[in-house]
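*Asks:* One structure follows; several queries about it will come next.
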Amino acid sequence: MRTVTVPVAHNLPKEEVRQRMQERIGGLGKHLPAGATVEPSWPSEDRMALAINAMGQNVNATLDVEDRAVLITVQLPGMLGMMGGMIEGMIQKQGPKLIGMNKDRDADGNPQG
């Protein structure tokens, strides 16, 4: 089992981040293989847990809302672990969309680069 953790910076109040995550998590399926299922839950106020089933694999993930970032941690079983780098890159690219942050700007909204 390989663990991938990706921080997604934000400058929003935690309440706003949680609301955006809840509103947008339904769109996660379009970034996964056809037939994938995603079951979100909130085991605590600042933690969203995801049970994902894709291509016959069960993947668990957590999204921990912190003051300046959301830490996305994904447990990759078996062969998916070998694709960890690619999956990490996808999370880095798509993760900011979950909380409505532009990936071309830093946590304070300033252009990067």
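The values are calculated or read from the model by the stated rules, or taken from the named source; none is laboratory data. Not measured: the values here are computed from a predicted model. Cβ atoms come from the backbone with ideal geometry, glycine included; neighbour counts cover every protein chain shown. Ligands, DNA and RNA are excluded from the accessible area calculation, which covers all protein heavy atoms including side chains. Shrake-Rupley method; radii C 1.70, N 1.55, O 1.52, S 1.80 Å.
*Asks:* Just need a number here: residues in segment 23-39 that are among the basic types (K, R) and either in contact with a Phe, Trp or Tyr (Cβ under 8 Å, 6 or more places away or on another chain) or in contact (Cβ under 8 Å) with a residue 60 or more places away in the chain (or both).
*Replies:* 1
*Asks:* If you scan segment 73-95, which residues turn out to be in a strand (DSSP E or B) and open to solvent by less than 20 Å² (accessible area, probe 1.4 Å)?
*Replies:* Selection gives V74, L76.
Rundown of residues vs (1) exposed (fewer than 13 other Cβ atoms within 10 Å of the Cβ); (2) more than 15 Å from the chain's Cα centre (by Cα); (3) touching a residue at least 12 places away in the same chain (Cβ under 8 Å); (4) in a strand (DSSP E or B), yes/no style:
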residue: T3; (1), (2), (3), (4): yes, no, yes, yes
residue: R18; (1), (2), (3), (4): no, no, yes, no
residue: M21; (1), (2), (3), (4): no, no, yes, no
residue: I52; (1), (2), (3), (4): no, no, yes, yes
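*Asks:* E45 versus (1) surrounded by 12 or more Cβ atoms within 10 Å (Cβ to Cβ); (2) farther than 14 Å from I91 by Cα; (3) more than 12 Å from the chain's Cα centre (by Cα): which is the lone unmet condition?
*Replies:* Failing condition for E45: (1).
*Asks:* Moving to a separate point now. Under 6 Å between Cβ atoms, which residue pairs at least 6 apart in sequence (or on different chains) link something in segment 60-82 that is touching a residue at least 24 places away in the same chain (Cβ under 8 Å) with a partner that is basic (K, R) and buried (at least 19 other Cβ atoms within 10 Å of the Cβ)?
*Replies:* V65/R18
*Asks:* Now, a different point. Quick check on segment 57-72: of everything there that is surrounded by 19 or more Cβ atoms within 10 Å (Cβ to Cβ) and within 19 Å of G35 (Cα to Cα), which residue is modelled with the lowest pLDDT?
*Replies:* Filtering first and then ranking leaves V59.
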